[in-house]
Amino acid sequence: NGVLTPVVVRGNDGDGYEMVSGHRRLHASRLAGLKKIPAFVRELSDDEATIVMVDSNIQREELLPSEKAFALKMKLEAMKRQGQRTDLTSAQNERRLEAADVVGESLGMSHAQVRRYIRLTELIPELLDLVDKKRLQFTCAVDISYFDKTIQKWLNEYIRENVVIKPIQIV
């Protein structure tokens, strides 16, 4: 059936285009021998392009926790750089909405869950790898992310030397 969802591109400084989202679709199309694919050409700032890219990638089913964490962090930072948003304020006695609320709402997540994922970006790579491999529980990893990097290294050494992880047997 070809490419069902168009890719998103934006003009670059030259006379070409920069791929914003759809890198995998483009690659698959090339492998299939397609010469043309459908594309939406959009005028996007760098921050807008980041948001579109993250929204596109976060929909993937096989997304690792680390990939989701860095994607959410990129989107949140891009939204914050876009400036003060007047649509985030609420009534005087209600909690003021944060950018994390908007990010979470667009993805069906609470702002707290968005913040927890972003905390994973504070882990040392070795511990983040354990989260991706499901050898370190998500909530435990979030708690560890508040520790200094030196303590995280000690924890990683302790886990590596003392924690026996039994392989799961599928029957």
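The values are calculated or read from the model by the stated rules, or taken from the named source; none is laboratory data. A quick note: this is a predicted structure, and the numbers were derived from the prediction, not measured. With ideal geometry, Cβ positions are generated from the backbone for all residues, glycine too; neighbour counts draw on all protein chains shown. In case anyone asks, the SASA skips ligands and DNA or RNA and just uses the protein heavy atoms, side chains included. Shrake-Rupley method; radii C 1.70, N 1.55, O 1.52, S 1.80 Å.
Brief remarks on what is shown
- Seen from residue 17, the other residues with C-beta closer than 14 Å to its C-beta sum to a net charge of -1, counting Lys and Arg as +1 and Asp and Glu as -1.
- Max mean-square fluctuation residue, GNM over the chain, Cα-Cα springs under 10 Å, options 58, 151, 124: 151
- Among 67, 122, 18, the residue with the largest mean-square fluctuation in a Gaussian network model of the chain, with springs joining Cα atoms closer than 10 Å, is 18.
- Computed [θ] at 222 nm, helices only, for the chain once each DSSP H run of length n ≥ 4 contributes -39500 (n - 2.57): -15000 deg cm²/dmol
- Max mean-square fluctuation residue, GNM over the chain, Cα-Cα springs under 10 Å, options 77, 161, 126: 161
- Förster radius 30 Å - calculated FRET efficiency between residue 1 and residue 63 (Cβ-Cβ, nearest 0.05): 0.80
- Solvent-accessible area, 1.4 Å probe, carbon plus sulfur percent, for the chain: 51
- Between residue 31 and residue 82, full extension at 0.36 nm per residue minus the direct alpha carbon distance yields a gain of 14.6 nm.
- In the structure shown, the pairs 75/134; 68/153; 73/153; 36/73 are assessed against 30 Å; a Cα-Cα span above that value is assigned to 36/73.
- Heavy atoms of the protein chains alone define the surface here; on that basis the chain has 70 Å² accessible area per residue at 1.4 Å probe size.
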